Amino acid sequence: MRSFLKYLGWTLLVLVLAVLLGLGLSLQTRALVPPPAAISPADVEQAKHFLRRNDPRQLAPGSLGTLRVSEQELGLLLAYLSSRHPQAAARARLGAGAAELEASWSVGGPFWLNIQARLEEDAGLPALRDLRLGALPVPDVLAAWLREQLLSRLAMNEELRLARQLLRHVSVRPGQLQLVYEWRHDSYRRLLDSLMPAAEQARLQAYHQALHRLSRQWRGSVSLSQVLPPLFALAAERSATGDATAENRALLLVLAAQASGRGLGALLPAARSWPRPVLEFSLHGRPDFPMHWLISAALSAHAGGPLADAIGLYKEIADSRDGSGFSFNDIAADRAGSRLGLLAVQQPQRLQQRLAAGVAESALLPDVSDLPEYLSAAEFRQRYGEIGSPAYQAMQQSIETRLDASPLLAPLLP
């Protein structure tokens with residue numbers, strides 16, 4: 001018995017030392033992958049062309065489609081994911097038959113988990129090879145097991161489970177990733193529904209119905225300062241037994257869909273049968289400010305502030321070319337909405353309480369009537385040069401200073 005206990009003690013000691021050695025080899029004090037650059041308007045335009053080029057609705061049901069993703073486009077996707085998870089960063093290099101992946105994950109303090117791996121073409125999904133955690137090599141047998149565990153965990157997500165059902169083959173070419181998938185007659189509906197789980201659809205319907213009831217009380221245009229308090233009061237009530245962040249996101253998405261003029265039906269097929277509110281919003285007497293404000297708030301709450309800001313700037317650049325012109329006051333509305341969207345997820349209950357108690361228009365968006373607007377591309381270049389020039393940055397700083405003066409928006413300083 002004594003010899004057995006001695007053997008057990010030594011075994012446990014060896015295991016502990018092995019774990020400590022593994023941690024020492026896998027954790028490092030420097031990130032292998034630096035944080036990506038901020039998402040730019042050019043990135044937004046590239047994403048727009050990518051979605052148009054790969055729109056699966058052009059396929060006949062039952063046919064196979066091929067999604068082609070360049071290395072640059074894959075990098076943009078990884079940068080977007082990093083913007084949502086600032087503690088992580090990743091990059092990929094696409095070669096003949098294999099992709100080289102590198103990622104860094106902050107685990108607290110000065111320590112990073114750096115991951116390197118090789119994804120090689122296989123019959124279906126790529127096989128995981130040459131996995132390294134920091135300086136610790138992982139045997140391919142163990143890497144294969146980890147891959148299966150990860151796929152099983154991802155299958156718990158409805159959206160990812162649907163994607164795997166549609167996916168038939170992944171191939172890697174130098175500089176390009178190709179995904180062959182089968183497009184079925186109900187794929188688009190199932191994809192939209194998977195993006196909105198049943199609980200989320202119920203939240204959206206609750207705020208949609210509340211907005212519809214309010215719309216019968218008002219006629220014509222109504223200020224956002226009147227619309228927000230009763231809806232955020234409802235959000236506070238529902239959050240008492242629910243998720244305050246999810247409630248705020250649903251509320252802002254309903255308002256953004258209404259402001260866009262397209263309604264929720266464009267995002268959620270089930271919403272096409274819901275009675276649609278007949279209601280227009282205004283802010284400082286203008287109908288365009290609420291659209292900028294609400295869409296940026298919804299994007300920021302769902303996807304993060306940098307993406308919302310980039311999309312807002314992209315729209316203004318496009319308007320300066322062939323639309324209404326570049327307007328700094330529209331940029332101010334975008335930034336104000338983006339700040340509030342972040343507040344909706346960072347301090348959800350506090351925001352509900354503040355807005356439910358009533359809010360002035362000046363708190364939602366300070367006076368920006370003096371900012372230049374309707375600038376053509378030529379006028380913009382003449383006065384400010386390029387995006388990011390000192391003159392442009394001075395205007396941006398002027399906008400941020402005004403937003404900082406709002407007690408509602410000030411907590412979200414960049």
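So if each residue of separation counts as 0.36 nm, and I subtract the Cα-Cα distance between residue 260 and residue 169, what length gain in nm does that give?
Separation in residues times 0.36 nm, less the Cα-Cα distance, equals 29.0 nm.
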| Per-residue HN-Hα couplings for region 98-113, Karplus 6.51 cos²θ - 1.76 cosθ + 1.60 at θ = phi - 60°, whole Hz, x for Gly and Pro? | 7, 10, 9, 10, 9, 8, 10, 10, 6, 9, x, x, x, 9, 10, 9
| said: Can you list residues from other chains, or at least 5 along the same chain, whose modelled amide H is less than 5 Å from the amide H of residue 173? | reply: 97, 178
| query | What number comes out for the charge environment of residue 238, summing +1 per Lys or Arg and -1 per Asp or Glu over other residues with Cβ under 12 Å away? | reply | -2
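Could you sort 244-257, 88-101 so that the peptide with the highest average Cβ count within 10 Å comes first and the rest follow in order?
244-257, 88-101
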| What is the gain in length, in nm to one decimal, between residue 267 and residue 129 on full extension, counting 0.36 nm per residue of separation less the C-alpha to C-alpha distance? | 45.8 nm
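Work out how much length residue 151 to residue 383 would gain on full extension: take 0.36 nm times their residue separation and subtract the Cα-Cα distance, in nm to one decimal. Mind showing how you got there, number by number?
Values: separation 232, 0.36 × 232 = 83.52 nm, distance 5.31 nm.
Working it through step by step, the gained length comes to 78.2 nm.
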| request: Show the residues, 5+ positions off or on another chain, whose built amide H is closer than 5 Å to the amide H of residue 168. | output: 180, 181, 182
| residue 217-residue 102 pseudo-label distance in nm [points 7 Å out on the Cα-to-Cβ vector] | 5.8
| remark: Under 17 Å by backbone N from the virtual spin label 7 Å along Cα-to-Cβ at residue 29, the residues of region 99-120 are 106-114
| query | At a Förster radius of 22 Å, what calculated FRET efficiency corresponds to the Cβ-Cβ distance of residue 226 and residue 288, to the nearest 0.05? | reply | 0.75
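Just so you know, all these numbers are worked out from the coordinates, no wet-lab data involved. The model shown is predicted, which means the values in this text are computed figures rather than measured ones. A quick note on method: Cβ atoms are made from the backbone with ideal geometry, for glycine too, and the neighbour counts reach across all protein chains shown.
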